[in-house]
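Colleague: First the structure, which I've put down as structure tokens, then a few questions once you've had a look.
The values are calculated or read from the model by the stated rules, or taken from the named source; none is laboratory data. Remember, predicted model here, so these are calculated numbers, not experimental data. Positions of Cβ are backbone-derived with ideal geometry, glycine not excepted, and every protein chain shown enters the neighbour counts.
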Amino acid sequence: MSGRKERKLRIVDHRHCKICGKAIPPNQEFCSENCRSISERIEARQKRMRNLLIIMYVAVFLIIFIMLALRVGMS
């Protein structure tokens, strides 16, 4: 080394808001109520989509099962 002291920077313990990415204290998930409400809406939309996909998978499975059952019954 060249004789200079290296300064070590200490980063303050923190997290980042899940929505906007701002630095926040480690005991919080969101920086504001606005970000919290946005997150709740996103989670509700994801839950609806997940439920819709499950219903669609079941419906497709039932249609295929019924078609196969009718085909076997006709033979």
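Colleague: Among the residues of segment 10-21, count how many are touching a strand residue (DSSP E or B) at 6+ places or on another chain (Cβ under 7 Å) and part of a loop (DSSP other than H, G, I, E, B). Outline the logic, then answer.
Modeller: Our first condition is that a residue be touching a strand residue (DSSP E or B) at 6+ places or on another chain (Cβ under 7 Å); within segment 10-21, this holds for 14-17.
Pick out the ones that are also part of a loop (DSSP other than H, G, I, E, B) and you get 14, 17.
Result for segment 10-21: 2.
Colleague: If you don't mind, there's one more thing I want to ask. Please go through segment 13-37 and pick out each residue that is among the small types (Gly, Ala, Ser) and either touching a residue at least 40 places away in the same chain (Cβ under 8 Å) or surrounded by 13 or more Cβ atoms within 10 Å (Cβ to Cβ) (or both). So that I can check it myself, show each step before the final result.
Modeller: The first filter runs over segment 13-37 and keeps only residues among the small types (Gly, Ala, Ser), leaving 21, 23, 32, 37.
Within segment 13-37, Ser32 is the sole residue that qualifies.
Colleague: Further, regarding this structure: Of these, Ile42, Ile63, Ile38, Ile54, which one is modelled with pLDDT of 95 or more, more than 29 Å from the chain's Cα centre (by Cα), aliphatic (A, V, I, L, M) and part of a helix (DSSP H, G or I)? Please lay out each step first, then the result.
Modeller: Working: Ile42 fails: more than 29 Å from the chain's Cα centre (by Cα); Ile38 fails: more than 29 Å from the chain's Cα centre (by Cα); Ile54 fails: more than 29 Å from the chain's Cα centre (by Cα).
Selected residue: Ile63, the only one of Ile42, Ile63, Ile38, Ile54 that is modelled with pLDDT of 95 or more, more than 29 Å from the chain's Cα centre (by Cα), aliphatic (A, V, I, L, M) and part of a helix (DSSP H, G or I).
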